[in-house]
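**Q** Could you have a look at this structure, given as structure tokens, before my questions?
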Amino acid sequence: MMEKNKLIIFALGGNEISPVEIDPSTGKLINQDLPRQWKRTAETCEIIADFIQENQDCYYVVTHGNGPQIGNILLRSEYSSKYLHKIPLDVCGADSQGALGYMLAQLSNSLQVRGLGIHTAEIITQVIVDAEDPAFQNPSKFIGPPLTKEEASSLMNETPDYCAKFYKNADNPGNPKLISSSAASGNTQDQLEIWRRVVPSPVPKGIVEIDMIEACYLSGNIPISVGGGGIPVVKVIPEQNEDFETYECNYGISYNRRVKEDKKPAAIFKGVEGVVDKDLASSLLARMFLERAQKRAQNLEVELVILTNVDAVKINYQQPNEKNLSELTLKETSELYESGMFPDGSMGPKIKAMIDFLECGGKRSYITKVDFLQQTICGEAGTRFIN
């Protein structure tokens, strides 16, 4: 196979699988059931397949979020806890990776009918985080279905560790406020606010399965990886005695190894409860690909494309002076981010992902809607970030 010199990473947001929509006839939120999610995913895959067909000289990787789905899995576990064991959040993330990878494998179907012999492969991915990350004490990641204020209040009163935030409309989480269970039942907020559960979102530091992901894309196929940001895991520090080192993991499982002076600690990991931001994890993945290509002296250009529910990055969002930003340099992006222009609950992590990527050698990256993918790459839509 002839070596290609460009890799494009498509980071799919929730809108590409399970968009938040309001029924215009009732004004109520639409429940995105499984048929709706499959149909929306198929539409997304068709657009991406069209792009791949027109750009066959590139490698491709797909990543995705899991906010609605992981929240639903967690809710099912909690609602059925009278009859079945509860499922921790890291295992919920693994479940969602498998299910969403299966759903996104429709991309293989779209590529096959176009005569392209390319297949997708879901790689269940563990992402390394810091056990001391302050995010574990400050839940901020939206998961699960949208709720009314009354529903959120009820859940927070029933479940001591349940935490929810609100945002102003269905299209943008805006600038969410954290509230307590007692405050949720008050009348200080508008009834039109949309509420969702929030959970810890630690910063990704490494990717355990990076070798397998890289081998898959280099084979000419398309790995679906770091799904939902990846399953958050921490490295286990061994306890040592004179002869053995012991690695204590979850559920009472431990591993023993004879101590040898010339050996580093084994790479042993255990899961922690949280949801890693998929844009930050996708940026980390892109940076690791760049670094690894440089080490093997491969001239590889990597582009990160974040597909979300807005056509471009905007300033003064939903204000009379709203403005699309068609192109931003690294310096301009950093200045806007530092100014607090982009909230943590919406565009903030995407902008931080772009900054991290460009700072580590990325030359171009994009934020856009999947419907404008081709136009964005051509500079006719979306937001382009350049170094």
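The values are calculated or read from the model by the stated rules, or taken from the named source; none is laboratory data. This is a predicted model, so every value here is computed, not measured. Note that we place each Cβ from the backbone using ideal geometry, even for glycine, and neighbour counts take in every protein chain shown. Surface areas here come from the heavy atoms of the whole protein model, side chains and all, with no ligands, DNA or RNA. Shrake-Rupley method; radii C 1.70, N 1.55, O 1.52, S 1.80 Å.
**Q** Mind checking which pairs have a first residue in segment 71-89 that is more than 21 Å from Ala164 (Cβ to Cβ) and a second that is part of a helix (DSSP H, G or I), Cβ under 9 Å, 6 or more apart or different chains?
**A** Leu84/Ser77; His85/Ser77
Residue-by-condition table, conditions (1) at pLDDT below 95; (2) open to solvent by 20 Å² or more (accessible area, probe 1.4 Å):
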| site | (1), (2) |
| --- | --- |
| Lys263 | yes, yes |
| Leu280 | no, yes |
| Asn321 | yes, yes |
| Ser334 | no, yes |
| Gly340 | yes, yes |
| Gly348 | yes, no |
| Lys352 | no, yes |
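**Q** How many residues does segment 323-332 contain that are open to solvent by 70 Å² or more (accessible area, probe 1.4 Å) and not in a strand (DSSP E or B)?
**A** Total satisfying the criteria: 3.
**Q** Kindly establish whether His64 is in contact with a helix residue (DSSP H, G or I) (Cβ under 6 Å, 6 or more places away or on another chain) and of a type outside the set (Gly, Ala, Ser).
**A** For His64, the condition - in contact with a helix residue (DSSP H, G or I) (Cβ under 6 Å, 6 or more places away or on another chain) and of a type outside the set (Gly, Ala, Ser) - is met.
**Q** Of the residues that make up segment 253-273, is at least one closer than 25 Å to Ile355 by Cα and out of contact with any His (no Cβ under 8 Å at 6 or more places or on another chain)?
**A** Applying the first criterion (closer than 25 Å to Ile355 by Cα) to segment 253-273 yields none.
So far as segment 253-273 goes, no, none of its residues is closer than 25 Å to Ile355 by Cα and out of contact with any His (no Cβ under 8 Å at 6 or more places or on another chain).
**Q** Given the condition open to solvent by less than 20 Å² (accessible area, probe 1.4 Å), at negative phi and hydroxyl-bearing (Ser, Thr, Tyr), answer yes or no: does some residue in segment 127-150 qualify?
**A** Taking every residue of segment 127-150 in turn, none turns out to be open to solvent by less than 20 Å² (accessible area, probe 1.4 Å), at negative phi and hydroxyl-bearing (Ser, Thr, Tyr).
**Q** Can you name the condition, by its number, that Leu147 falls short on among (1) free of Cβ contacts under 8 Å to residues at least 40 places away in the same chain; (2) over 30 Å from Tyr217 (Cβ atoms); (3) hydrophobic (A, V, I, L, M, F, W, C)?
**A** (1)
**Q** Turning to a different aspect of this structure: So, in segment 1-40, of the ones that are touching an Asp or Glu at 6+ places or on another chain (Cβ under 8 Å) and at pLDDT 95 or above, which residue ends up farthest from Gly228 (Cα to Cα)?
**A** This residue is Lys6.
**Q** Something else now. (1) under 16 Å from the mean Cα position of the chain (by Cα); (2) open to solvent by 10 Å² or more (accessible area, probe 1.4 Å): which one isn't true of Thr368, the others all being true?
**A** (2)
**Q** Now, a different point. Quick one: would you say Tyr83 is hydroxyl-bearing (Ser, Thr, Tyr) and either in contact with a helix residue (DSSP H, G or I) (Cβ under 8 Å, 6 or more places away or on another chain) or in a helix (DSSP H, G or I) (or both)?
**A** no
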